[in-house]
Every structure is written in C-alpha cells, then in structure tokens.
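What follows is a short report on a single structure.
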Amino acid sequence: MHTILDSIENVPDAVLTSILRAYSGNPKAQLTKRIVSPCSTSGVSENNSFYQAEISWVTSNPTVPTEATSWLIKRWTPGGLSLSELGWSKPIEALAWEHGILRPESLPLGVKTPIVGSMIVPDGMIAWVAMRDVAKELHEYDRSEPIPSERLVSRAKIILSGLARFHALWEQPDRQMLLRGMDWLLPFENYLWRNSGLYAAILGRKAERGYGQVARVEEADRLNLQSFLEWLEPAERSLLEVLLVDRSELVDRFVDIPNTLLHGDLDDRNIGLSWSSSGESELVLIDWEWMGSGPAAMDVAKVLIHSSMMGEPGNPCTETCWSEELPDFYYENYRMAGGRQLDHATWRHSYDLSLCAQALWTFPILMGNIIRTMRGEAPLPEIPGITKEGMQLRLASSMQSRKITADLILHAMQRCLL
C-alpha cells in the first residue's frame, strides 16, 4: 500500500495527540514516542499527503503501561481531483468520521473502514485522517495481480453482498433524515457531470456546467478520446459525443430513482477483503472522499465495470461478469438485508443508467489509450517485474475485456437513453 520516502514534512504533535485522545478515550493520554515518515500510495489525487506513524503513549493511570500503535495518516487539503473533476472540495472523509457515518456502529455487519480518528483545522483548509494499515486486505483484490476467473466472481459477490447491506442500511428513513442535514456530502449531480468540462475542451464545445473547466488539454487525452470515438460505430459515436459534454438528459432520467449513501469511488484500489479464522468474509473500504447520496447502482456499476477487467491474461472473466447474474445477485442480497425502496424493474433501470454514467467519466480516454498502445502509437505501460511480452499479453486481454464492457455500456445507453 505504501513505501517510505525521505522528506522533511511531518505531522504536528497536536494532530497526533488530538486523534490519540479520542482514539484511546482518555483526554489525558500523552505521547511518549513518535516516528513519522512520509510515504507514497497508489492514489492519484495531488492534494493528499500520506505518512506512516509509529507512536507510543501513557495515561495518568500508573497501573496502565505504555501503549503503542501504528497508523497511516492522510493529510487532506482543498483541490485535487475532487475539485477539477467533480467541482467539490470538502474534507468529506474527515467530516463523515466526525459525524459518525463511518464509525463501526454506523456500518453493517461485515463492512469495515480502517479509519480510527480524524481532525479538521478550524478554517477547514486542512484535515487529517488516521487509519490502520490494511495493505494485506487490499492485496486480496488488486489489479496488479490478476485474479483467476472463478475466484474473481466469488470475490465480486462478497463485495456486492457487503454493499447491499450498506446501501439497505442507509436507505432507512431515520438514516435518510440524517443524510439530508449533511450538506457537505457530494451532490449527486456532480457525479453525473464529472469530466464534462474536460470533454467539452477536447471536443471544442461549450461546457454545459460551470465547474470542471480546464485551462489546457493534454495532447494524449485528445488523441485517446479521438481514437476511442473513431473505434465506435457512427450512431454510437454521435450519442457519445453529445453525452460526454451534456449530461442533462441523464440527470433527468435519475430523478425518480431512490437514493442511499454512496461510497462514490469503488474501483479495486479502494476495496479490500479479509477472512476471519472461522471463514467469515469482511469487506474493507478505504478512501471515502467522494461519499455522497445517490442511487445504489452507481457504486455497483463501478465495481462491476472494474472487476470484469481484472482477470488473468488468457483466462478472462467468465460470461458471469457481463451477464445479469451479478447485478441480480446484488439485488437479492439488498432485499435480504431489508432493502425496500427498489423493486426489481427500478433496480435494473437504475443499473443501466449507472453504467452509462460511469462510462462517461474516464472510460473513453482509458479505452482510447489501449487502442493507441495496441497500434504502437503510445508506449507500453511499465510495471516492475513484468516483461514487455507479458505486458503485451495483459494489454491484449484487457482490450478483449474492455471491448465486451464497452458493448455492455452501449447497449445500456440504447435501452435507457434512446
């Protein structure tokens, strides 16, 4: 999950002490030792910094010996992807902890987050979040180590089962009332308009929304999008060129879909899995910075779009990954968890809409990059330990999976938007 780096930056003692006292439940706990080192993660948001902290402390009770723990600490500041892509920049993760949303008692059985504490400075321009290290759990569902097809499906079902319990819990009336008072959560429409400003700039069109404007278009993004659009059939291309810039029709179609609490950014990098000694599975979710209120299918669609591309080269995900089996498996678990807002027809419609919404974010540019790389127009990605031949095999397998995913998304667009 992280690698120690050299740096003179650090975490203030006041931050560690504040989080420690809340964590230990003792307002008199005192730090006796601290070793804090900056570290890197696989995240891409430029407004976050991460630190590995080894701390020890004592309390005023002489019968309690010195205690110690290790945390990963995130330093959040405004900006980054949240602002450039979503037009929203608030310390959502820290606020969610402080308002109790991410506390263990607010999460359903079998769903966990590693957060142990947070602190927001008075002006709200810096927030700190302390977490347990869950590198082992994240390794169980990791794009860097492709997963055999059968295991991929079984792990996707564990994730969907946990999400179903989470979504069903937060659709309850008392929880909905709680969420309506939290105006710092990411507004749902911001999910739907993500990157529209970028695509407007690339296509030379007027942006339909005020946020997400870009000062300069990267040439690689322009070439990638052009390659993707050229790869499509003419009718599909015309539909995509409109939707990439103007999401108004998509927004309108979501109006009558019931909402719940969303994680908002469920690709594999933010999902971990663990098993107890008795074999019970647990879903571990990190990086809640894009948490908001919206249709449950938004989380499910993102999980399934990404999971279908994580199979081993030469052993891609089975047809199950693209059939109705996994979305229906989620729905069955949602109903078993007490979910009542969605009937099956509404669920399927919301899932189609969510596939469309998720596909409008980064999928066209990523797909275009693979197309260009396969043609030799862009360099092969470099991953330590993987040969050029191995990377080409992975790329060919990824292209096959993404082609099926693209077809699935385009069919969903035809069902719900044409």
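Quick notes on this structure:
- Model label points for Ser56 and Asp328, set 7 angstrom from Cα along the Cα-to-Cβ axis, are 5.9 nm apart.
- The residue list His263, Pro379, Val36 was ranked by how far each Cα lies along the charge dipole of the chain toward its positive end, using unit charges on Cβ atoms, and Val36 comes out on top.
- Sum of -39500 (n - 2.57) over DSSP H runs of 4+, divided by residues of the chain (222 nm, nearest 500): -13500 deg cm²/dmol
- Antiparallel %, DSSP beta bridges [both residues in the chain], to 5: 90 percent
- The long axis of helix 13-24 is offset from the longest Cα principal axis of the chain by roughly 90 degrees.
- Summing +1 for each Lys or Arg and -1 for each Asp or Glu among the other residues whose beta-carbon sits under 9 angstrom from that of Ala68 gives -1.
- Using a simple spin-label model with pseudo-atoms 7 Å out from Cα toward Cβ, Glu189 and Glu377 lie 3.6 nm apart.
- Segment 161-196 and segment 337-393 have Cα centres lying 23 Å from one another.
- Prolate/oblate/rounded call for segment 136-417, Cα gyration tensor, a/c under 1.5 rounded: oblate
- Between Asp343 and Glu233, the distance separating the two model label sites (each 7 Å from Cα on the Cα→Cβ line) works out to 3.2 nm.
- Taking the chain and dividing mean pair separation by its residue count, relative contact order in percent (alpha carbons under 8 Å, at least six apart): 16 percent
- 3J(HN,Hα) along segment 327-340: x, 5, 4, 4, 4, 4, 5, 4, 5, 5, 7, x, x, 10 Hz, from the Karplus curve 6.51 cos²θ - 1.76 cosθ + 1.60 with θ = phi - 60°, whole Hz, x for Gly and Pro.
- Net charge dipole, the chain: roughly 480 debye, given to the nearest 20, about the Cα centre with Cβ charges of +1 for Lys and Arg and -1 for Asp and Glu.
- Taking amide H atoms as placed 1.01 Å from N in the peptide plane, the amide H of Leu283 lies under 5 Å from those of Val111, Lys112, each 5 or more residues away in sequence or on another chain.
- The slack between Lys388 and Glu280, meaning 0.36 nm per residue of separation minus the straight C-alpha distance, is 34.9 nm.
- Cysteines not pairable in the chain (beta carbon separation under 4.7 Å absent): Cys39, Cys356, Cys416
- Cβ crowding within 10 Å averaged over residues, with 77-89, 103-115 ranked highest first: 77-89, 103-115
- Length-normalised contact order for segment 3-131 - Cα pairs under 8 Å, 6+ apart - percent: 22 percent
- Angle in degrees between helix 149-170 and the longest Cα principal axis of the chain, rounded to the nearest 10: 70 degrees
- Given their separation in residues at 0.36 nm each and the Cα-Cα distance between them, Glu241 and Asp256 gain 2.8 nm when the chain is fully extended.
Coordinate-derived values only; no laboratory data. Note that the coordinates shown come from a computational prediction; the quantities given were computed from them, not determined experimentally. Note that each Cβ is placed from the backbone with ideal geometry, even for glycine, and that neighbours are counted across all protein chains shown.
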